[in-house]
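The values are calculated or read from the model by the stated rules, or taken from the named source; none is laboratory data. What you see is a predicted model, and the numbers here were worked out from it, not measured in a lab. No Cβ is skipped: glycine too gets one built from the backbone with ideal geometry, and neighbour counts run over all protein chains shown.
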Amino acid sequence: MASLSVPDRRGLPLIGAPNVPRLLRALLPALSLALVLIGIAWLNPRAISYFGFTLMLNLAVPIALATIAQMFVIAGNDLDLSIGAFVGFVGCVTATWLRDVPLLGIVTLLGCIAVYAALGALIHLRNLPSIVVTLGMSFVWQGLAVLMLPKPGGKAPDWLLEIMRLKPPLVPFPILAAVVIAAVAYVGLMRTSYGAILRGSGGNALAISRAGWSLLKAKMTLFACAGLFGVLSGLALIGTTTSADANIGNGYTMLSIAGVILGGGEFIGGRVSPIGAVIGALTLALAASPLLTFMRIPPDWQVAANGAILIVVLAARVLISRKDAQP
Amino acid sequence: MTDTRPELVRLSGVEKYFGAVRALGGVDLALAQGECLGLVGHNGAGKSTLMHILAGTATADRGQLAIAGAVPANYAPGTAKQLGVRCVFQELSLCPNLTVAENTRVFHPSLTGFTWRRRAGRLILDKLDAIFPGHGIAPSDLVQDLPIGRRQMVEVARAFTVTDEPVRLVILDEPTSSLDAHTAGQLLGFVRRAVGDGISCIFISHLLGEVIANCDRIVVMRDGTTVADAPAAAFDRDRLVAAMGDVEVHARDVEAGHERRRGQSPLRVRARPARQNGAGELVAHEGEIIGLAGLAGHGQTSLLLSIFAAATRATTGMEVTASVALVAGDRQADGIFPLWSIAENIGVRSLHSLRSGLLISARREYELAMHWRDKIRIRTPDIDNNILSLSGGNQQKALFARALGSDARIVLMDDPMRGVDVGTKLEVYELIRAEADAGRTFLWYTTEFDELKQCDHVYVFRNDLIVADLTRDELTEQKVIQSSFAEAG
């Protein structure tokens, strides 16, 4: 049956052959972003401007970076429940050591990435559930952050503030940053030859190891990438907020997971999309407060409304992709 | 046997144990360069285990493996690949989330640099074109979007691609099982050409005609050893079947009292596999033991599960007239509750009758468990011990006790005797017979012929369909094997 209905595609070019289900899957995240944007434009047309986007999306950059960090972990069929606390810890380091003793700050941040790689090794070697390990680590990061900065305070290094205050012509900085983040993650994970191995380790680990690859190395690489993007997220967050607080990143764990899923990723099977994840993060950042403010929802109710929007958007995605799976 | 070609592979005295179960008991196997070896045998004969050892994905407990005269140290999948051993495993070993080209890259560490994607695509496409002209697969297709037959084509083609490592031996484990006749023909033609070019090939198939027609030599395995090894020309279908099966004729232990006319007792189950069109349905009456035979994974388990579902929810094409209990085959996955005691594991199917008020009566649960412990001799000092304190066979007995101790009038058994020792088996056979005489109905999926002999009536499955319907008198192993294997060509 299948061989009759599918046309012979041998004449098509090697790369870029059209694939309808794949195209639909890829377009879903963009669709949800468009919906949120249309909602905002309808409620407040003036928000759709250079200045409006800079304001609305100023917190989207750290969310996008945290989402990419989470995406690397999810690509290997794991889940990082510590990314929020980690971003908070990095924020505290950034607002204190990185400003006062830059060398110590840099070494600490590089050490954080090494700790992430070691976590990957631990999870692989001991065959531990990543949820348990990272949940434990979230308390470690949180505790360290409180030790460093018992009271909110500190100050971002000046160079960081300047980067985050960039005003590029025509395109607002957060959008430009999002494009760069998406491009880097896309090339790294989706286009490089080792990226295929990394994703394959989530898709069929047995096949990867039978082909002679080290799953340990793959897992460590994925976690190290997560650590790297977690560090970048902390830096971007402090560059935006200018000072730190030990609890500043707490919401990021769930936001990053939601961003990956909203962006077309799946919890298992190594199916992730870097571009989708960034779009998902932007959608969440917009749906979080600007949309709700424009809907005149009182601040007391915004967190609950935010959660409701998240459920609606994710449910819509599941519905659409399920229809797509059973044509 | 004047073979002058140089020897490529020699396995000598290979033994492999999984726990107490012997999977391979001292296998010797040699293969020459440019030879196509057919490997046949029943499920569980040890073919796949042997191939895993050859491919480096499993290690032998004893014995030696030599490739091209040398014994490789630390033999692993990577070493095997460097030495030119490729394996197309029965379970697909492609990454579904990657494209065809990316899966080729996974196989070839040397495909790096900026143009790796294009080169990988070209490599796999050329090989697909060579093996399966008109295949309709693009290198940028995601494997998850391809139907199973095309995935198999990609996997086979990938095994024959060459970059920096040579191809000397390709193991094809059931390569044609998900291919249609046309593509299977293309593959077999290509294998013959590759063998002509000096590549060795081990070909495992249940399609005996295919094996006889395409292999130079055939090795038959049974119970973890090789029982026949001769040029393919020396075999025909019947000789192969005879070599695979139990040639000794067992005395049939039919007792006169069990000769019962079918249809005398009330109907218990009438079921029809979902894809069955035309004749063929499974019928079971009260007090009967019905066998479900055939090769593993040909629809027996799914029919049992749909009968189980039909007992609580009306289903078209299914008629189930009494309560049902299932004895799981995969104990660890869907049989035991590993944290519970033996007594709790036995009582869980009978919670209704164990209740006193809103709570479960510990006393009644204990009584039920003790009754069955004594009746089927579960060997434990204390019925309140954890279930995992029991040996595998005794865990299985506890699962039987769970089903038999319940109020279910129909017991579905999903090949429950896997890995159970002979003594336990005989005890359970007796128990099943006694329960059937007391009016219970058993539907028994089994891959072992000895167990079919316990049945009153046997249905043979192939490709999710009932293909044969044998009464107890008609039942012979030859017939079961004949109908289990598709008529080739």
Top-ranked residue in the stretch B:282-302 [being at pLDDT 90 or above and under 22 Å from the mean Cα position of the chain (by Cα); ranked as surrounded by the fewest Cβ atoms within 10 Å (Cβ to Cβ)]: B:I290
Among (1) of a type in the set (A, V, I, L, M); (2) buried (at least 24 other Cβ atoms within 10 Å of the Cβ); (3) modelled with pLDDT of 95 or more; (4) under 21 Å from A:I181 (Cα atoms) - the single one A:A60 does not satisfy: (3)
Residue in the stretch B:173-183 that is crowded, with 21+ Cβ neighbours inside 10 Å, part of a helix (DSSP H, G or I) and touching a residue at least 40 places away in the same chain (Cβ under 8 Å) present: yes
The stretch B:48-62: number of residues that are part of a helix (DSSP H, G or I) and out of contact with any strand residue (DSSP E or B) (no Cβ under 7 Å at 6 or more places or on another chain): 1
Boolean, B:T312 is at pLDDT below 90 and part of a helix (DSSP H, G or I): no
Of all residues making up the stretch B:80-91, the number that are outside any helix (DSSP H, G or I), at the interface with another protein chain (Cβ under 10 Å from one of its Cβ atoms) and surrounded by fewer than 23 Cβ atoms within 10 Å (Cβ to Cβ): 2
Residue in the stretch B:203-222 that is outside any helix (DSSP H, G or I) and on the phi > 0 side of the Ramachandran plot present: no
Residues of the stretch A:249-296 satisfying the condition of being modelled with pLDDT under 85 and part of a helix (DSSP H, G or I): A:A287, A:A288, A:P290, A:L291, A:L292, A:T293, A:F294
One residue from B:D216, B:D197, B:D223, B:D173 being out of contact with any helix residue (DSSP H, G or I) (no Cβ under 8 Å at 6 or more places or on another chain), closer than 23 Å to B:F485 by Cα and of a type in the set (D, E): B:D223
Scan of the stretch A:190-219 for residues that are more than 7 Å from chain B (Cβ to nearest Cβ) and aliphatic (A, V, I, L, M), ordered by number: A:M190, A:L198, A:A205, A:L215, A:L216, A:A218
Among (1) surrounded by fewer than 17 Cβ atoms within 10 Å (Cβ to Cβ); (2) modelled with pLDDT of 85 or more - the single one A:G307 does not satisfy: (2)
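Every residue, every condition in (1) touching a residue at least 12 places away in the same chain (Cβ under 8 Å); (2) within 14 Å of another protein chain (Cβ to nearest Cβ); (3) crowded, with 22+ Cβ neighbours inside 10 Å; (4) hydroxyl-bearing (S, T, Y), yes or no:
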residue: B:A45; (1), (2), (3), (4): yes, no, yes, no
residue: B:D61; (1), (2), (3), (4): yes, no, no, no
residue: B:Y75; (1), (2), (3), (4): yes, yes, no, yes
residue: B:G78; (1), (2), (3), (4): yes, yes, no, no
residue: B:S110; (1), (2), (3), (4): yes, yes, no, yes
residue: B:L128; (1), (2), (3), (4): yes, yes, yes, no
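Considering only the stretch A:216-232, I want to know if a residue exists there that is assigned to a loop (DSSP other than H, G, I, E, B) and either of a type in the set (K, R) or in contact (Cβ under 8 Å) with a residue 40 or more places away in the chain (or both). Outline the logic, then answer.
Initially, the stretch A:216-232 is screened for residues assigned to a loop (DSSP other than H, G, I, E, B), giving none.
Among the residues of the stretch A:216-232, not one is assigned to a loop (DSSP other than H, G, I, E, B) and either of a type in the set (K, R) or in contact (Cβ under 8 Å) with a residue 40 or more places away in the chain (or both), which makes the answer no.
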Some residue of the stretch B:119-126 being buried (at least 23 other Cβ atoms within 10 Å of the Cβ), within 10 Å of chain A (Cβ to nearest Cβ), in contact with a Leu (Cβ under 6 Å, 6 or more places away or on another chain) and of a type in the set (A, V, I, L, M): yes
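Table: residues versus (1) of a type in the set (D, E); (2) more than 23 Å from A:A281 (Cα to Cα); (3) surrounded by fewer than 19 Cβ atoms within 10 Å (Cβ to Cβ).
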{"site": "A:G88", "(1), (2), (3)": "no, no, no"}
{"site": "A:A121", "(1), (2), (3)": "no, yes, yes"}
{"site": "A:G153", "(1), (2), (3)": "no, yes, yes"}
{"site": "A:P169", "(1), (2), (3)": "no, yes, yes"}
{"site": "A:R191", "(1), (2), (3)": "no, no, yes"}
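Take the residues of the stretch B:97-108 that are more than 7 Å from every other protein chain (Cβ to nearest Cβ) and not in a helix (DSSP H, G or I): which is surrounded by the most Cβ atoms within 10 Å (Cβ to Cβ)?
Here is the first cut: in the stretch B:97-108, the residues more than 7 Å from every other protein chain (Cβ to nearest Cβ) are B:99-101, B:103-104, B:108.
With not in a helix (DSSP H, G or I) added as a condition, the list becomes B:99, B:108.
Details: B:T99: 26, B:H108: 22.
Restricting to residues being more than 7 Å from every other protein chain (Cβ to nearest Cβ) and not in a helix (DSSP H, G or I), the top hit is B:T99.
Does B:G280 count as under 28 Å from B:S177 (Cβ atoms) and outside any strand (DSSP E or B)? If you could, list the steps in order and put the result at the bottom.
Values: under 28 Å from B:S177 (Cβ atoms): yes; outside any strand (DSSP E or B): yes.
Yes.
Using the structure shown, decide if B:L65 is outside any loop (DSSP other than H, G, I, E, B), in contact with a Ser or Thr (Cβ under 7 Å, 6 or more places away or on another chain) and either buried (at least 22 other Cβ atoms within 10 Å of the Cβ) or modelled with pLDDT of 85 or more (or both).
Working: outside any loop (DSSP other than H, G, I, E, B): yes; in contact with a Ser or Thr (Cβ under 7 Å, 6 or more places away or on another chain): no; either buried (at least 22 other Cβ atoms within 10 Å of the Cβ) or modelled with pLDDT of 85 or more (or both): yes.
No.
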Scan of the stretch B:130-148 for residues that are within 7 Å of chain A (Cβ to nearest Cβ) and surrounded by 14 or more Cβ atoms within 10 Å (Cβ to Cβ), ordered by number: B:G136, B:A138, B:P139, B:S140, B:D141, B:L142, B:D145
The one condition in (1) touching a helix residue (DSSP H, G or I) at 6+ places or on another chain (Cβ under 9 Å); (2) surrounded by 13 or more Cβ atoms within 10 Å (Cβ to Cβ); (3) at pLDDT below 95 that A:I106 fails to fulfil: (3)
Residue under evaluation B:F18, criteria (1) in contact with a Gly (Cβ under 7 Å, 6 or more places away or on another chain); (2) surrounded by fewer than 21 Cβ atoms within 10 Å (Cβ to Cβ), criterion not met: (1)
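Residues are listed down the side, and each one gets a yes or a no for (1) surrounded by fewer than 22 Cβ atoms within 10 Å (Cβ to Cβ); (2) in contact with a Gly (Cβ under 9 Å, 6 or more places away or on another chain):
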residue: B:L358; (1), (2): yes, no
residue: B:W372; (1), (2): no, yes
residue: B:D415; (1), (2): yes, yes
residue: B:W444; (1), (2): no, yes
Residue check for B:Q152: more than 18 Å from B:G84 (Cβ to Cβ), within 11 Å of chain A (Cβ to nearest Cβ), in a helix (DSSP H, G or I) and touching a residue at least 40 places away in the same chain (Cβ under 8 Å): no
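Residues to consider are B:L39, B:L94; find the one that is more than 14 Å from chain A (Cβ to nearest Cβ), at negative phi and surrounded by 23 or more Cβ atoms within 10 Å (Cβ to Cβ).
B:L39
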Top-ranked residue of the stretch A:240-263 - restricted to ones that are buried (at least 24 other Cβ atoms within 10 Å of the Cβ) and among the small types (G, A, S), ranked as nearest to A:P157 (Cα to Cα): A:A244
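Among B:R379, B:R402, which is part of a helix (DSSP H, G or I) and of a type in the set (K, R)?
Details: B:R379 fails: part of a helix (DSSP H, G or I).
Unique residue meeting the criteria: B:R402.
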Residue in the stretch A:211-235 that is surrounded by the most Cβ atoms within 10 Å (Cβ to Cβ), counting only those that are touching a Cys at 6+ places or on another chain (Cβ under 8 Å) and not aliphatic (A, V, I, L, M): A:G230
